[in-house]
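The values are calculated or read from the model by the stated rules, or taken from the named source; none is laboratory data. Since we're looking at a predicted model, the values are computed, not measured. For neighbour counting, all protein chains shown are included, and Cβ atoms are generated from backbone atoms with ideal geometry for every residue, glycine included.
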Amino acid sequence: MGKEILVVAEHGGGALRPESLEAAACGRELAELTGGSVTGVVLSAPGLPPAGEFAARAGIEVVALTHPELDLYNAEAYLSALAALMNERRPAYVLIPHTATGWDYAARLAVRTGASYLAAVTAIMAGDPPAFTRSICHGKIAMEVMPAEGTAVVTVMPGAFANSMVATKVAPTDEEIGGVERLEAAVDLRGTRARGYVEAKRRALDLGQAEVIVAAGRGVEKPENLGLIRELAACFERGAVGASRPLVDMGWLPLDHQVGQTGQTVAPRLYLACGISGAIQHTAGMKNSELIVAINLDPGAMIFDVARLGVVADLVEFIPALIGKLRR
Amino acid sequence: MKILVCVKSVPSPESRFRINASGTGYDESGLTFHVNEYDLYAMEEAARIKERFGDVSITVVSVGPPRVVEQVRKAMGLGAEEGAVIDDSEAPAGDALAAAALLANWARAERYDLVLCGVMSENMQRGATGPMLAELLHLPCATTVIAERIEDGRKSILCERELEGGVRERVRLPLPALITVQSGINAPRYASLSNVLRAKGREVPVIKAAELGGAARRSEAVRRAYLHKRSGACEILTGDLDTMAEKLAERIRARVPR
């Protein structure tokens, strides 16, 4: 096993996703600790641009694995191609963004190649070999984990590593930039077929327009209590109602109100998180709000980590009091 | 059609966790456990497939100490014929690979047509056990499925996966296959009294992990677990309800006058 660190990029139809650059930043940090080298990997159909862009923006050498069946993401295609590459290059680490695409194949890749697997790491701890930090139990507990011996497949939590880009002009095609090695991918689909995307329904509500978002979470307890949330949002000229995923899953509010990784990402002047625990799936979608206020009965809730102001109280009692003061 | 639903017994996320004696995880004493929420969606999806096709048998399985039989029965109460517990209390499956290996060794001979898991567990939040189980059973796999339809002929399953921003990606898997489901794929039913009683009456076999043979390769080792320290940047308002409301309203109006 060598010291190479492979970083697998994620792209949507040729457009490089920022999580790829974050994973590359993680790779560079790891390389500094281990004396290894970082190589990017891009899987795509022949002729698509992401390999050159990844090399230029991450400032690393890139291996472009190409095959017509890689025009759309397909777990089996990624697995067969990456397993073959890993078998050839015997890397120390394979870093993959912890996105819905990444976690779809990363654990399987580890099993297929006999590598160990660490999921959703948020930091690297110096050591020989380095350890990784990850959270469990809705962020309440942190763990330092070590991979078993041999190659380690590691998924990198989005937002955990700075998206640091090398400031170079982005090249439109591979040919215009050095540092890209093209290889034909060994692909075996085993019957799995990518069938494209479902057309997204137009959103009726654009939370990005709101100046204030009052968001409801499970702490609201009953759909009847949503009236309080609406009343509070109505205290502001440009207020809107948001929701964490569980409320939408239960059908209490339509999908348009959902804030978070699989909903909308917002950054209003004021975000009032009411009865929201603060799981990363939610906070990823609002943590850049200018002022975050949390109202929650659980003083241990992770929302108090992203909030600047907090109230530990039952929102059913507190919100009416707050509305009263705001209306004065 | 034979369907397997894998469920996990997990502590409530509102729990006040304490670090265990070995410093590698949380102390389980005093915690209350329930069926991992995502696995309830998986069980409901299985029940709907049974309603659609009719000749479907559903088995629920869980890896854990003997107490997880309670969660297995709870899941069975939503409409499963069989349940089983893989008791790993003598040597707890320390990571996703260990749990997946136990499930694979147990499930392999049964030749399930479809295996359903929740996308991740509420406690470990890795989403790894399902995909690893698929790989060990040599099954095609799709994760974070928000809609599925077994196609006529029962040779394939068309899935919609939910990506960031709510974008949905379609993939067709040949059957047999394993899918992990995302919350919101359906609306889980309340357990019917008849199903609950039937689940109560059924024997749930407990298989000791050691009987399933082969020490699984461990994928990761936990060096240290610790309680997350509050960043301290949050100002918690004090006083009675009225005082806190007053203080907060003031701070809010300073930022958003209208």
Regarding the range A:121-131, can at least one residue be identified that is of a type in the set (Ser, Thr, Tyr) and under 26 Å from A:Gly35 (Cα atoms)? yes
Filter the range A:179-205 for residues that are in contact (Cβ under 8 Å) with a residue 40 or more places away in the chain and of a type in the set (Lys, Arg); which is nearest to the other protein chains (Cβ to nearest Cβ)? A:Arg193
What are the pairs, 6+ residues apart or on separate chains, where a residue within the range B:4-28 that is at positive phi has its Cβ under 6 Å from a residue that is assigned to a loop (DSSP other than H, G, I, E, B) and buried (at least 22 other Cβ atoms within 10 Å of the Cβ)? none
Is it the case that B:Glu211 is more than 8 Å from chain A (Cβ to nearest Cβ), outside any helix (DSSP H, G or I) and surrounded by fewer than 18 Cβ atoms within 10 Å (Cβ to Cβ)? no
Need a quick list: helices (runs of 4 or more DSSP H) entirely within the range A:5-122 having at least 2 residues that are surrounded by 19 or more Cβ atoms within 10 Å (Cβ to Cβ), within 14 Å of chain B (Cβ to nearest Cβ) and not aromatic (Phe, Trp, Tyr). A:18-34, A:75-89, A:102-113
Take B:Thr238 and tell me if it is over 40 Å from the mean Cα position of the chain (by Cα) and more than 7 Å from chain A (Cβ to nearest Cβ). no
Could you tell me which of the residues B:Glu51, B:Glu45, B:Glu70 is among the acidic types (Asp, Glu), part of a helix (DSSP H, G or I) and closer than 20 Å to B:Lys208 by Cβ? B:Glu70
Output the number of the condition that A:Val156 fails; it satisfies all remaining conditions of (1) in contact with a Pro (Cβ under 8 Å, 6 or more places away or on another chain); (2) at pLDDT 95 or above; (3) more than 29 Å from A:Leu255 (Cβ to Cβ); (4) among the β-branched types (Val, Ile, Thr). (3)
Under the condition of being farther than 25 Å from A:Val156 by Cβ and among the β-branched types (Val, Ile, Thr), which residue from the range A:282-310 is farthest from the other protein chains (Cβ to nearest Cβ)? A:Ile295
Take the residues of the range B:35-60 that are surrounded by fewer than 16 Cβ atoms within 10 Å (Cβ to Cβ) and in contact with a strand residue (DSSP E or B) (Cβ under 9 Å, 6 or more places away or on another chain): which is nearest to B:Gly127 (Cα to Cα)? B:Ser57
Every listed condition ((1) out of contact with any Leu (no Cβ under 7 Å at 6 or more places or on another chain); (2) surrounded by fewer than 22 Cβ atoms within 10 Å (Cβ to Cβ); (3) at negative phi) holds for A:Arg245 save (2)
Residues being assigned to a loop (DSSP other than H, G, I, E, B) and free of Cβ contacts under 8 Å to residues at least 40 places away in the same chain: count how many of those fall in the range A:218-242. 5
Against the condition assigned to a strand (DSSP E or B), at pLDDT 95 or above and away from every other protein chain (no Cβ under 14 Å), how does A:Ala215 come out, does it pass? yes
For the structure I just gave you, tell me whether A:Ala279 is surrounded by 18 or more Cβ atoms within 10 Å (Cβ to Cβ), within 7 Å of chain B (Cβ to nearest Cβ), under 25 Å from the mean Cα position of the chain (by Cα) and not charged (D, E, K, R). no
Looking for something basic (Lys, Arg) and more than 30 Å from A:Ile303 (Cβ to Cβ) - is there at least one such residue anywhere in the range B:17-31? no
For the subset of the range A:249-268 comprising residues that are surrounded by fewer than 23 Cβ atoms within 10 Å (Cβ to Cβ) and of a type in the set (A, V, I, L, M, F, W, C), which member is nearest to the chain's Cα centre (by Cα)? A:Val266
Kindly indicate whether B:Ala93 is away from every other protein chain (no Cβ under 11 Å) and in a loop (DSSP other than H, G, I, E, B). yes
